[in-house]
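The values are calculated or read from the model by the stated rules, or taken from the named source; none is laboratory data. Because the structure is a prediction, the values reported are computed rather than measured. All Cβ positions, even for glycine, are placed from backbone atoms using ideal geometry, and neighbour counts span all protein chains on display.
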Amino acid sequence: MEMPPYHPPKKYSVRIDGHRTSISLEPLFWDKLTTAARMRNQSINALVAQIDAERIRAETPPGLAGAICIWLVTYEKGGWLTPTAPSAVQTA
């Protein structure tokens, strides 16, 4: 069995509603986020903003990094590989 890709979190810069912020994610989750954005034809910034808006509406909102991980696991199981609106994947 292959060893999981253990790695400490790294900081990544994103923009949410025009405001720069950084999130700390393990590279595995960043790679999954990048793939999800590409498969949904969204920029990373747009997808993070969408996840941020959803988490804020939650009864007990998690932090943004946690919300991203929860979103990725949930939508990977549910098939987030459905394209939405066309746009280029961007990181900042």
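Quick notes on this one:
- Restricting attention to the stretch 57-92, the residues that are modelled with pLDDT under 75, in contact with a strand residue (DSSP E or B) (Cβ under 8 Å, 6 or more places away or on another chain) and either under 17 Å from Met39 (Cα atoms) or of a type in the set (Ser, Thr, Tyr) (or both) add up to 1.
- Condition broken by Ala46, with the remaining ones in (1) modelled with pLDDT of 95 or more; (2) touching a strand residue (DSSP E or B) at 6+ places or on another chain (Cβ under 9 Å); (3) among the small types (Gly, Ala, Ser) satisfied: (2)
- Each residue in the stretch 14-28 was checked for being in contact with a Ser or Thr (Cβ under 7 Å, 6 or more places away or on another chain) and over 16 Å from Cys69 (Cα atoms), and 1 of them qualify.
- Pair list, Cβ < 7 Å and 6+ apart or interchain, from the stretch 1-28 residues that are in contact (Cβ under 8 Å) with a residue 60 or more places away in the chain to residues that are part of a strand (DSSP E or B) and surrounded by 11 or more Cβ atoms within 10 Å (Cβ to Cβ): Tyr12/Ser22; Tyr12/Ile23; Tyr12/Leu25; Ser13/Ser22; Val14/Thr21; Val14/Ile23; Arg20/Ser13
- Here the stretch 1-29 is the region considered, the condition is being among the small types (Gly, Ala, Ser) and surrounded by 10 or more Cβ atoms within 10 Å (Cβ to Cβ), and the residue that is farthest from Arg55 (Cα to Cα) is Ser13.
- The residue pairs whose first member lies in the stretch 29-43 and is over 17 Å from Leu64 (Cα atoms) and part of a helix (DSSP H, G or I), whose second member is modelled with pLDDT under 95 and among the hydrophobic types (A, V, I, L, M, F, W, C), and whose beta carbons are closer than 9 Å, counting only pairs six or more residues apart or on different chains, are Thr35/Leu81; Arg38/Val89; Met39/Trp80; Met39/Leu81.
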